[in-house]
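Here is the structure we will look at.
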Amino acid sequence: MSNEITIAAARLARDVPAAEVRVDDALIAVSSLMTSVVTARRDIKGVPATKGHATLRLLLKAQSALVGVSGDILRVHGELADLGRETAGYDLHECPSIAEAGAGARASAA
């Protein structure tokens, strides 16, 4: 396998999972904000239930969009794994000890 493929594979092995984690972090943050908004609306006396409804709908839209992004990133991960098998001959279902040794070599190349 060429050096360029090894370097690109190492970079992708680092960046794809990082992107997945960041999308999950964003989804957690928006979900926490949703909880805070609903809690504030409930706990503040004199605020009618209709207040803040538009805000909640926007947060719901943001959550839904992030779930879509998460699915897209997961599909990208799968497509890149398929491409890696086709292009570089990676066996992503190999023995974990062999995979870990290969991952260490690829990481040091990046």
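Name the residue that is nearest to Leu66 (Cα to Cα), counting only residues in the range 21-54 that are acidic (Asp, Glu) and modelled with pLDDT of 95 or more. Steps first, answer last, please.
Taking the range 21-54 as the starting set, the residues that turn out to be acidic (Asp, Glu) are 24-25, 43.
With the extra rule that they be modelled with pLDDT of 95 or more, the set shrinks to 24-25.
Working: Asp24: 8, Asp25: 10 Å.
Once the filter is applied, the top-ranked residue is Asp24.
Out of Leu58, Leu33, Leu74, Leu83, which single residue is under 18 Å from the mean Cα position of the chain (by Cα) and not polar (S, T, N, Q)? Walk me through how you get there before you give the answer.
Details: Leu58 fails: under 18 Å from the mean Cα position of the chain (by Cα); Leu33 fails: under 18 Å from the mean Cα position of the chain (by Cα); Leu83 fails: under 18 Å from the mean Cα position of the chain (by Cα).
Result: Leu74 is the single residue among Leu58, Leu33, Leu74, Leu83 that is under 18 Å from the mean Cα position of the chain (by Cα) and not polar (S, T, N, Q).
Checking the structure you have, find out if any residue of the range 78-93 is farther than 18 Å from Ile7 by Cα and modelled with pLDDT of 95 or more. Among the residues of the range 78-93, not one is farther than 18 Å from Ile7 by Cα and modelled with pLDDT of 95 or more, which makes the answer no.
Consider the range 18-46 and keep the residues that are closer than 20 Å to Ala81 by Cα and in contact with a helix residue (DSSP H, G or I) (Cβ under 8 Å, 6 or more places away or on another chain). The one that is surrounded by the most Cβ atoms within 10 Å (Cβ to Cβ) is Val23.
The values are calculated or read from the model by the stated rules, or taken from the named source; none is laboratory data. Predicted model, so just to flag it, every value in this text is computed and none were measured. Cβ coordinates were reconstructed from backbone atoms using ideal geometry, including for glycine residues, and neighbour counts include every protein chain displayed.
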